[in-house]
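The values are calculated or read from the model by the stated rules, or taken from the named source; none is laboratory data. Since this is a predicted model, take the numbers as computed values, not measurements. All Cβ positions, even for glycine, are placed from backbone atoms using ideal geometry, and neighbour counts span all protein chains on display.
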Amino acid sequence: MEEKSVNNGVYLTFISEPEMEMPNKLNVFREKGIASSQTDFTKFLYGENNSYLTTYEQISRKQSIDNIKPYNLKNYYGIRTILKTDGLMSELIRKNATLISNDEVVLGSYPTKIVADDTLIKSLKKLGFNDKVYNVPIGEDITSCQTVTFNDEDYIYIKGKDIFVKINPLVWYYDEASNSLISKDVICAFYTSIGINDFQKYGYNFLNEYLIRDIFKNNIISLTKPVNLIVEKDSSEMYLPYDYDIDMDNEGKLYSHDENEYNINIDEKKDLTSFNALEYTFKNSYKHNPIFNITIKGNNKIAYSHALDFVSLGINARISNIVIDVNNLVVNHPVICAGSYIDNANIRCDLNQFATLYLSGDVIGHNILKGSNLTINYTSETEVYAFLIDIKKLVNVLKKNALKYKQIYFDYKKVVYECVFLKEEDYNFYDNNLFKQIGLATLTLNGPTINKDKVEKIIGNDENIFYTFEDNISKELSKVSEESSLSKEAEHILDLAKEIISIDYIGINKESVREKVDEIIDEYNNLYSKETKGLSLSTNSALYTNTVIKLENLRDTLYHNFEKNVDYYDILDLIENVIKKLNDEEVELNYEILNDINTLNIILKYSEDNQTKIEIITYLESERKSITDYLCNKKEIDYKNINDFIKKFRIFLVPILTKVSGNVSKIDVMEQIKNYAINEMNNKSLENKNNYIRVILTEINNVKEDILKLDNSYTFEEIDFSSFNTGNEIIDYLDSLFIKYYGIYLRLYDETQKQNVYKKNLIPKIY
């Protein structure tokens with residue numbers, strides 16, 4: 001989802017001793033005392049023990065846990081936690097909690113009650129797990145527990161103990177004066193040999209990495225947009241733009257920072273940071289396999305050793321993209337230390353920039369470019385040839401020494417290079433191609449046109465070397481337009497060329513089109529030079545006409561290809577709008593299916609069913625990919641127009657509609673059916689409690705109308721609800737009726753299509 005601007009931190013911490021003692025004793029403790037009870041679950045795990053950990057002072061930031069010292073004796077640490085926020089707790093309560101009294105609220109939920117009923121246990125064991133996972137402390141470990149749902153209630157299953165624990169709402173005491181909430185019970189605990197001072201740090205991290213997310217699992221909105229790290233000028237550290245992992249906006253909504261992608265931008269105003277720039281941001285981070293995009297631009301940068309050291313922090317970072325665009329880069333190797341290689345690298349035609357990546361790596365061995373897609377930007381033919389020769393010489397120096405020594409120092413062009421912990425498997429020195437020796441996946445040379453044969457003489461032939469030459473034609477044409485006045489004929493040819501090059505749609509090979517335009521223009525210019533010998537263009541009307549015809553044919557072919565597939569572009573537009581509708585965005589298209597989606601949205605909101613929305617969007621994204629692949633001639637698809645797609649989509653929605661029907665009584669359903677009929681007769685919109693009834697009845701009516709369009713003599717059975725005992729039985733009956741009628745419609749539609757094909761192939765006697 002899109003990133004929101006939220007800055008009111010929300011966090012859990014331990015109750016401190018000053019908060020329990022006069023004169024700073026919290027009002028809620030003065031009124032209710034400091035004693036606490038245990039949940040049934042903690043009693044099961046640890047026996048009767050109502051004690052809980054308190055700290056000497058308040059802890060409000062993630063702490064370092066590098067030096068945890070285990071003790072011989074195991075200690076019990078009960079966790080009765082306190083919830084704090086930089087914003088107004090009253091707003092958080094208003095938006096997310098249920099008020100019991102002025103100082104007691106129900107907020108969030110957590111596993112609390114052991115399931116003892118054998119019948120219920122048997123029922124739970126028959127169910128499949130849902131997508132919810134709770135990270136529960138058991139003994140010394142944090143155990144990931146899967147969840148099942150039964151009668152709209154969730155239960156975690158603990159495999160090692162073969163038990164189910166019911167997830168129940170939590171009760172909190174509200175202390176308005178301190179703007180905080182205190183859990184009524186000891187809700188979890190650890191039994192560990194970690195000493196108390198170290199456990200305070202470890203436990204704090206558990207509270208805010210796991211517990212707060214589990215408690216508010218149904219309240220937190222996840223923010224996943226890539227985050228730009230703050231890089232201050234002359235600073236040795238980088239910062240996240242937020243202080244806590246959970247934030248609250250001014251309306252009381254909770255947001256979690258669940259991003260997995262980070263952008264590091266070191267621009268012209270900032271110096272490259274020193275060892276270790278990432279330490280503050282990611283020390284003790286629970287982020288798993290984060291992705292980084294790194295951009296370094298400007299002049300006179302210094303790349304300090306280990307400036308971007310992910311390994312020392314225990315971060316298995318993946319560098320998706322790195323761009324280095326710097327004049328005068330001074331490098332102290334290794335700069336980057338990561339647990340995987342770079343996906344895409346984009347650098348200048350500069351030996352130091354290349355070596356910065358080639359000699360980085362650390363734990364994975366040097367050569368962080370192994371398997372990378374490398375783009376080299378150059379400004380002239382001379383520059384790129386010299387650069388490639390330099391790289392070849394550098395690699396040869398390394399090749400001669402790599403297999404002899406573990407640690408290598410060498411200099412080239414007055415720059416001293418250091419290469420340590422070299423691993424032979426990270427290189428392929430025996431290949432004839434230079435960049436295969438380095439281990440690149442692809443090499444792209446980006447700049448003015450150069451001699452490809454000359455490049456291959458330097459580095460060897462390779463099908464994975466690509467060239468992206470600048471748009472010299474456009475530049476030349478623009479230059480001509482600026483420097484001289486063209487004839488009407490030349491301007492016409494130029495306009496046609498510009499029009500063709502500007503044509504853009506899915507499936508078009510723009511490079512191939514440009515080559516065809518270049519070929520036609522080059523042919524024209526060559527013939528014109530030979531035939532006119534300096535005469536005016538008017539003497540070559542045939543050449544002009546022929547060129548225009550070629551360009552117009554090319555243009556018309558491109559437009560025709562687009563028009564031929566216009567239905568599929570309409571489908572792509574519809575898919576985009578359906579997804580927008582599912583995300584409560586405004587749409588401009590007017591299709592009946594969008595109205596159905598709008599109604600379905602109401603149902604999903606009412607039932608708090610976010611997973612179904614994700615399921616539908618995933619299906620639509622898959623169809624969008626299939627259409628795109630078809631337009632690019634990569635695969636076939638099974639529908640020819642937008643109506644076919646809508647029919648396919650409706651078939652997909654049938655089980656969805658069934659799934660979201662919910663549990664309602666017969667009386668409720670009958671009342672909704674009556675209201676639906678009355679409102680339909682009065683041509684009024686219906687807003688009832690369970691909108692599924694409206695949806696299914698509307699769909700039945702729609703498919704009946706479609707059947708009558710194909711066969712106006714068809715008769716339908718009378719809908720009768722009298723024999724059913726429950727609301728679910730009625731809904732099941734309506735579902736089966738819809739499926740039955742839809743099957744009839746599809747059969748009649750196929751028969752009609754066959755008849756049409758038969759009629760089209762009959763030859764009329766019109767001669």
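Remarks
- Residue selected from segment 352-390 under the condition of a type in the set (A, V, I, L, M, F, W, C), over 31 Å from the mean Cα position of the chain (by Cα) and modelled with pLDDT of 85 or more, by the criterion farthest from residue 337 (Cα to Cα): 384
- Qualifying residues in segment 479-521 (those that are part of a loop (DSSP other than H, G, I, E, B) and exposed (fewer than 13 other Cβ atoms within 10 Å of the Cβ)) - the one modelled with the highest pLDDT: 509
- Within segment 118-126, none of the residues are in contact with a helix residue (DSSP H, G or I) (Cβ under 8 Å, 6 or more places away or on another chain), loosely packed, with under 13 Cβ neighbours inside 10 Å and modelled with pLDDT under 95.
- For the condition in contact with a Gly (Cβ under 8 Å, 6 or more places away or on another chain) and among the aliphatic types (A, V, I, L, M), residue 142 does not qualify.
- So residue 167, is it modelled with pLDDT of 95 or more, touching a Ser or Thr at 6+ places or on another chain (Cβ under 8 Å) and closer than 28 Å to residue 54 by Cα: yes
- Any hit, segment 451-464, residues being among the polar types (S, T, N, Q), assigned by TED's automatic domain parsing to the domain that holds residue 342, in a helix (DSSP H, G or I) and free of Cβ contacts under 8 Å to residues at least 60 places away in the same chain: no
- Taking the criterion of being under 27 Å from residue 248 (Cα atoms) and in contact with an Asp or Glu (Cβ under 9 Å, 6 or more places away or on another chain), the residues of segment 20-50 that qualify are 25, 26, 27, 28, 29.
- Filter result for residue 168 (free of Cβ contacts under 8 Å to residues at least 60 places away in the same chain, crowded, with 17+ Cβ neighbours inside 10 Å and of a type in the set (S, T, N, Q)): yes
- Candidate set: segment 171-192, residues that are among the small types (Gly, Ala, Ser) and surrounded by fewer than 23 Cβ atoms within 10 Å (Cβ to Cβ); chosen: the one nearest to residue 122 (Cα to Cα): 180
- The residues of segment 547-570 that are surrounded by 14 or more Cβ atoms within 10 Å (Cβ to Cβ) and modelled with pLDDT of 85 or more, listed by number, are 547, 548, 550, 551, 554.
- Those residues of segment 193-230 which are surrounded by fewer than 20 Cβ atoms within 10 Å (Cβ to Cβ), of a type in the set (Val, Ile, Thr) and touching a residue at least 24 places away in the same chain (Cβ under 8 Å), in sequence order: 196, 221, 224, 227
- Looking across segment 108-137, the residues that are touching a Cys at 6+ places or on another chain (Cβ under 9 Å) and within 24 Å of residue 76 (Cβ to Cβ) come down to 110, 111, 134, 135, 136, 137.
- Looking only at residues in segment 316-338 that are assigned to a loop (DSSP other than H, G, I, E, B) and under 20 Å from the mean Cα position of the chain (by Cα), the one that is modelled with the lowest pLDDT is 316.
- Filtered residue count, segment 80-108, keeping only those that are buried (at least 19 other Cβ atoms within 10 Å of the Cβ) and touching a helix residue (DSSP H, G or I) at 6+ places or on another chain (Cβ under 7 Å): 5
- Strands (runs of 3 or more DSSP E) wholly inside segment 239-284 that include at least 3 residues being buried (at least 17 other Cβ atoms within 10 Å of the Cβ) and either among the polar types (S, T, N, Q) or at pLDDT 90 or above (or both): 246-248, 254-257
- Close pairs from segment 744-759: first under 24 Å from residue 716 (Cα atoms), partner of a type outside the set (Asp, Glu) and modelled with pLDDT under 80, Cβ under 7 Å, at least 6 apart: none
- Members of segment 304-328 that are over 19 Å from residue 238 (Cβ atoms) and not charged (D, E, K, R): 327, 328
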